[in-house]
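Q: Here it is, the structure in full.
The values are calculated or read from the model by the stated rules, or taken from the named source; none is laboratory data. A quick note: this is a predicted structure, and the numbers were derived from the prediction, not measured. Don't worry about glycine lacking a Cβ; one is built from the backbone with ideal geometry, like all the others, and counts go over all protein chains shown.
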Amino acid sequence: MRHSRYGMRRRSLAGYVHNNSTTRLHVNLPRPGPLPGNVEFNTEIETELDGFVGGVGVTLAGGIGQFYGVLDCNYVQSDLGFDNAFTALIVGARAGWNGKLAALPTQLTPAVQSLKHTCARHHDCCPLH
């Protein structure tokens with residue numbers, strides 16, 4: 001007899017981020033051209049993050065017997081005070097089989113995922129473009 005099961009989960013998260021920190025750097029670079037030796041110095045950089053982060057998502061899952069499928073969709077948004085805000089829509093799908101091969105517990109799960117994102121400065125905001 002085959003058993004079927006299914007479910008749906010919704011989630012959301014929102015918050016505010018504030019952080020002040022000091023980054024300490026030790027720099028050691030070779031001198032330019034034919035000059036011997038290195039240029040070496042220490043420096044400190046003050047950094048600050050302030051802003052909103054949030055997201056919502058939904059996951060659908062179901063299975064029949066040893067086969068199952070999952071579809072999830074998430075939307076995230078953040079604005080941490082940089083020159084550009086970030087939003088993303090992430091969609092993923094997985095299907096699989098959960099059983100035994102030669103008496104060994106086995107799970108096979110091929111997955112597909114897609115990411116669509118935008119920034120205020122469109123093409124030069126991050127390496128994902």
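Q: Taking interchain pairs and intrachain pairs at least six residues apart, which have beta carbon atoms under 9 angstrom, with the first residue in the range 16-29 and closer than 15 Å to THR43 by Cβ and surrounded by 10 or more Cβ atoms within 10 Å (Cβ to Cβ) and the second of a type in the set (S, T, N, Q) and at pLDDT 90 or above?
A: Taking only residues 6 or more apart or on different chains, the pairs are VAL27/ASN42; VAL27/THR43.
Q: In addition: Within the range 116-129, how many residues turn out to be assigned to a strand (DSSP E or B) and modelled with pLDDT under 80?
A: Number satisfying all stated conditions: 3.
Q: Another one. Looking at the range 20-43, can you tell me whether even one residue there is touching a Gly at 6+ places or on another chain (Cβ under 9 Å), of a type in the set (A, V, I, L, M, F, W, C) and either more than 21 Å from SER114 (Cα to Cα) or in a loop (DSSP other than H, G, I, E, B) (or both)?
A: Checked against the condition, which is being touching a Gly at 6+ places or on another chain (Cβ under 9 Å), of a type in the set (A, V, I, L, M, F, W, C) and either more than 21 Å from SER114 (Cα to Cα) or in a loop (DSSP other than H, G, I, E, B) (or both), the range 20-43 yields no hits at all.
Q: Let me ask something additional. Count, please, the residues in the range 48-103 that happen to be more than 19 Å from the chain's Cα centre (by Cα) and not small (Gly, Ala, Ser).
A: 12
Q: Okay, next question. Within the range 35-66, count every residue that is of a type outside the set (Gly, Ala, Ser) and free of Cβ contacts under 8 Å to residues at least 24 places away in the same chain. Reasoning before the result, please.
A: Applying the first criterion (of a type outside the set (Gly, Ala, Ser)) to the range 35-66 yields 35-36, 38-50, 52-53, 56, 58-60, 64, 66.
This time we only want the ones that are free of Cβ contacts under 8 Å to residues at least 24 places away in the same chain, so: 35-36, 38-45.
Number satisfying all stated conditions: 10.
Q: What are the residues in the range 1-19 that are in a strand (DSSP E or B) and either among the basic types (Lys, Arg) or in contact with a helix residue (DSSP H, G or I) (Cβ under 9 Å, 6 or more places away or on another chain) (or both), if any?
A: ARG5, ARG9, ARG10, ARG11
Q: Of all residues in the range 56-90, which are surrounded by 15 or more Cβ atoms within 10 Å (Cβ to Cβ), touching a Leu at 6+ places or on another chain (Cβ under 7 Å) and part of a loop (DSSP other than H, G, I, E, B)?
A: LEU80, the sole residue that qualifies.
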